[in-house]
Amino acid sequence: MADTVTTDAPKRGERSSDLRIVPLRHWGRIPLGLAVLAALALFLYALAVNPNIKWGVVAEHLTAPAILRGVGVTILLTVASMLIGIVLGVVTAVLRGSDNPVLAYLARGYIWAFRGTPVLVQLIFWYNLGLLFPTIGLPVPLVAEVWVVETNTVITGFTAALLGLGLNAGAYMAEIVRAGLVAVDPGQSEAALAVGMTKGQTLRAIVLPQALRVIVPPTGNEVITMLKTSALVSVISGSDLLTTAQTIYSRNFHVIELLIVVSIWYIALTSILTAGQWALERRLAPGRTVRSTSRREARRA
Amino acid sequence: MLEVIDVRKRFGTTEILKGVDLRVERGSVVCLLGRSGSGKSTLLRCVNHLETIDGGQILIDGRYIGYERRGDRLFEIREREIARRRSEIGMVFQRFNLFANLTAWENVALAPARVRRLAAGQARSRAMDLLDRVGLADKAHLYPNQLSGGQQQRVAIARALAMDPKLMLFDEPTSALDPELVAEVLAVMLDLAHDGMTMIVVTHELGFARKAADRVVMMDDGVIVEDAPPSVVFHHPAHASTRAFLAHWADHSAGTEKK
């Protein structure tokens, strides 16, 4: 075979190890990256030296007792309304699959109404419940109302927030839980029924534990969304983080500084939740059973 | 011990069972053969009330599984009572249906603990005994997805046996298995048959029917067309559909599997 310049064939006496493999060079990446970094630095510099942002005020308020209390309320609202949402969601999802058509349609109606209206509207609605029912009580027909209270003493900004956020979360959680229940192979419940378990035992011991894998990841998302949605309760003086910040800046007019404080807190909490969700999903990942088994066997050995 | 009398079952407008009569004596093994769609699986599922029936009666030791007779009507009974009666019938499914969230021994121990309220330690040691009986004592701590199909099906048999059933129903127990795994499951079933378990087996394994069955029952289009000892059915089939069925599945059993 004749040696020509156009052939890639190895030259006589040449070893492959003498050749170096060079990936495609992207020369444009370096200047572009530098340009973006420069723009970002410029922006941060502009923020840092902006005379309209008093960084001292930001630092001072970041751990102010009022703000910390607001953070506490925001966390409490998130946790409590998600708990309400999860319980309501499981119950609604199970009812939706019930053989009783009245219960099934009731569950559908609940999901329809609470997913179909903005949560902001629901919050304001619950806050103004007193306009619709001035008193709340347990009426006993023909006798008297045995237990009556003024609606406005029960419905504070906080309870209205809890009702609004919890009931709204329940409607979304119901769909998430239902997706999880549907994802479990029907053969699983059939086998459980065949060994003599009741429908309730089957649901608790077999179906729900398996549905969890499908339910947990989107539930984590819901928690993170809820953390930020809870800021909406500022419109009904929910005494959460944003409400507190608004109260403070309405007095000292450091609007931007307090919004920065609020944002720092939200982003910190969201980061923690994201890390938690990541850890939880790793535990529920399909490989989990293999690892937990080997750990169990390691313990036995 | 099992009496099926003129049982009818419809799904929508299609009639799946068109009046089925079948008697199974205690300790006997009945193999149910038939083309797919002939109603064999539906009949099994009616026996333990996984399906309700539209007519006729099914009695086990003189009692209905899902009904109670008052006058000339059969009223469906409460779920808890059905579950209790159903626990006396073991069922093995084509697709194993082992509980995916539980290990092998937990699969076997669950129903005795939850339904029979056996103490945890007792349920566990019984589960271990049963796994040993199906040759899987060393796999007790593995999850279903870590077991082969044949091993899963043997665990499923142990799970059914854990409730001390009077009657075992097998719904095509080897149809979802790779050919080389069929034998281990059939061996466990043969053992059971020799130990005197009352069994109804829906299967295409003619070899198993020949070896283990006291009677072979052939279903076609929702009715029973043949009911006789295997030697009679295999050598002198009375019905044309039986001959066609045997010809088809004899090839399969001989190892020349049709794709």
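The values are calculated or read from the model by the stated rules, or taken from the named source; none is laboratory data. Since the model is a prediction, treat every value here as computed from it, not as a measurement. Don't worry about glycine lacking a Cβ; one is built from the backbone with ideal geometry, like all the others, and counts go over all protein chains shown. Just the protein is used for accessible areas: all its heavy atoms, side chains included, with ligands, DNA and RNA removed. Shrake-Rupley method; radii C 1.70, N 1.55, O 1.52, S 1.80 Å.
Of note:
- Rg(Cα) / (2.2 N^0.38 Å) computed for region A:179-268, rounded to two decimals: 1.85
- Working value for region A:76-155: equivalent-ellipsoid semi-axes of 26, 20, 13 Å, each the square root of 5 times a Cα gyration tensor eigenvalue, largest first.
- Relative contact order for chain B, counting Cα pairs under 8 Å that sit 6 or more residues apart, in percent: 25
- Choice from A:ALA93, A:ALA179, A:ALA245 with maximal GNM fluctuation in chain A (Cα, 10 Å cutoff): A:ALA179
- Shielding of B:108-115 by partner chains, average beta-carbon count, 10 Å: 4
- Distance in nm between pseudo-label sites at A:LEU131 and A:LYS228 (7 Å out along the Cβ direction from Cα): 3.0
- Nitroxide proxy distance, nm - points 7 Å out along Cα→Cβ at B:GLN57 and B:LYS18: 2.5
- Rg and Dmax over the alpha-carbon atoms of chain B stand at 18.4, 55 Å.
- Residues of type aspartates and glutamates that B:LYS18 reaches as a straight line, Cα spacing below 19 Å, ignoring anything fewer than 8 places off in the same chain: B:GLU3, B:ASP6, B:GLU51, B:ASP54, B:ASP220, B:ASP221, B:GLU226, B:ASP227
- In degrees, nearest ten, helix A:208-229 long axis to first principal axis of chain A (Cα): 80
- Probe 1.4 Å, protein heavy atoms only - accessible area per residue of region B:174-246 in square angstrom: 42
- Normalised per residue, the volume of the convex hull around the Cα set of the protein assembly as shown (Å³): 327
- In the context of the full set of protein chains, residues of region B:1-50 present 41 Å² of accessible surface per residue (probe radius 1.4 Å, heavy atoms only).
- Based on every Cα atom in region B:54-199, Rg and the maximum pairwise Cα distance Dmax equal 16.4, 53 Å.
- At least 20 Å² of accessible area lost relative to the chain alone, listed for region A:183-198 with a 1.4 Å probe: A:GLY187, A:GLN188, A:GLU190, A:ALA191, A:LEU193, A:ALA194, A:VAL195, A:GLY196, A:MET197, A:THR198
- Relative contact order, whole percent, for chain A stands at 23, derived from Cα pairs under 8 Å and 6 or more residues apart.
- Occluded residues from region B:63-96, i.e. those whose accessible area drops by 20 Å² or more once the chain is not alone (1.4 Å probe): B:GLU79, B:ARG80, B:ALA83, B:ARG86, B:PHE93
- Expressed as a whole percent, the accessible surface of region B:1-123 that belongs to carbon and sulfur atoms is 44, based on a 1.4 Å probe.
- An oblate overall shape is assigned to chain A, the ratio a/c of its alpha-carbon gyration tensor axes (a ≥ b ≥ c) being 1.5 or greater and a/b not exceeding b/c.
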